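Colleague: Supplied in C-alpha cells, the structure appears directly below.
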Protein chains: 2
Amino acid sequence: MGVMEDGTLASARHTDVADPAPGGRDTTSCEIRDLLDRLADKWSLLVIELLGTGTHRFTELHREIDEISQRMLTLTLRHLERDGLVTRTVHPVVPPRVDYTLTDLGRSLLVAIEGLVWWTRAHRDEIAAARSGYDARRESSA
Amino acid sequence: MGVMEDGTLASARHTDVADPAPGGRDTTSCEIRDLLDRLADKWSLLVIELLGTGTHRFTELHREIDEISQRMLTLTLRHLERDGLVTRTVHPVVPPRVDYTLTDLGRSLLVAIEGLVWWTRAHRDEIAAARSGYDARRESSA
DNA sequence: CGGCATCCTAAGGGATACTG
DNA sequence: CAGTATCCCTTAGGATGCCG
C-alpha cells in the first residue's frame, strides 16, 4: 500500500489526521493501521526475513521466494526502501547488479518480527487443532 | 483468506504440502506465510488488540472500530474464532447478546503483537522521515 | 540482469436490505 | 442486537512483453 500502479507514491491517502477522539486506544489503533499498511501485504515480511540473512541481489531474492512475481518483488522492495527499511545499491556494471540490504531500522524491525515467527512456530499445532475442531463442529450441524 | 463468501471455510487452498526444497529457510518462509494468512488482513490485529482489553460484545467492537463494516467484523471474528484465538459466547436472551474474548492462545499472540506495536511507536518518526526523503528525491528527478 | 508498462482476473471488502 | 445474504466496485497482484 502506498506504491501506486503508475509509479508515483501516495504520500498520505487515508487521512493521517484521523483520530477524532484522542484517547490512548485510538492512538494504538492508528499505530496498528500504520503497521499493517506497511507489513501486512503478501510479501514484505518474507523479504525482510530473507534480507535478515544478509545482502541479496534482486535475482537471488526472486529465486529464494519464487512464488513471487517479478513485479511484486520490485514493488515490495521499493516500498521497503521508501520506508527506510532496506537499502538499494546499484552497481554500474554490465550486466547490472543491484544489492539489497536491511538498514539498521530494518534490522530492528526484524527482531520484532522474529517474535511473531517464534509464536507461529510454537503454536502451529494448537491452531491446526482449533481449525479442524471448528470445521468439524460446523460440518456436523450441516 | 480462509473465510469464503458463501459462509463455508476453506480448509487448505494454497497447498500446505509446499516446501519442495526442505531447508531451514523454506520452513521459515512457510511459517511466515501462515502468519500472514492469519492476521495480515485489514482488521484482525485491530480486533485482537481491542479484545486485549477484555471481553467485548459485538456492538462494542463495532463502535470502537467504526470504520469497519458489520460484514467484515463478523468475518474477522469468525476467522479468529476458527483459529482458536477468540471465544464466542452467545447468551440466550432477547435482545441477543454475544461476547467475544481472547483465548489463552489469543492472549499469547497479543504479547508478540505488542512487540511490533512498540516498534512502530518507537520508529514512527524515522519512517516518516525516510518516506519524505525518498519522495523528495523522486520528485527532484522528475 | 533488473527492471518498468500494460493488461486482466480474482479476491477483498463496502453498502444495503433482510431476519431471528 | 447480532448477525446473514446480495450486489457491486476497487484493489492486489499474476502474466507477459519491452528496454537500458
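Please treat every number below as a calculation from the coordinates, not as lab data. Keep in mind the model is a prediction, meaning the values are calculated, not measured. Glycine also receives a Cβ, built like all others from the backbone with ideal geometry; neighbour counts cover every protein chain displayed.
Colleague: Could you give, in nm with one decimal, how far B:His62 is from each other copy of that position, shortest first, with labels 7 Å out from Cα toward Cβ?
Modeller: Relative to the other copies, B:His62 has label-point distances of 4.8 nm.
Colleague: Let me ask something else about it. Within region A:85-138, list the trypsin sites (Lys or Arg not before Pro) lying in a DSSP loop whose Cβ has at most 10 other Cβ atoms in a 10 Å radius.
Modeller: Passing both the DSSP loop test and the Cβ count: no residue.
Colleague: Measuring nothing but label to label, 7 Å from Cα along Cα→Cβ, what are A:Ser108's distances to the other copies in nm, shortest first?
Modeller: For A:Ser108, the other copies' label points sit at 3.0 nm, shortest first.
Colleague: So how strong a dipole does region B:36-142 carry about its Cα centre when Lys and Arg Cβ are +1 and Asp and Glu Cβ are -1, to the nearest 20 debye? Before the final figure, lay out each step's value.
Modeller: Working: 15 positive and 16 negative charges, 40 e Å.
Roughly 200 debye for region B:36-142.
Colleague: How far is A:Val90 from itself in the other copies, in nm, if each label sits 7 Å out from Cα along the Cα-Cβ line, shortest first?
Modeller: A:Val90 label point versus its equivalents elsewhere: 6.0 nm.
Colleague: Follow-up question, since we're still on this one. Determine the gain in length on full extension of the stretch B:Thr101-B:Glu139; use 0.36 nm per residue of separation and subtract their C-alpha separation, reporting nm with one decimal. Intermediate values should be presented prior to the final figure.
Modeller: On the way: separation 38, 0.36 × 38 = 13.68 nm, distance 4.79 nm.
Gain on extension, B:Thr101 to B:Glu139, equals 8.9 nm.
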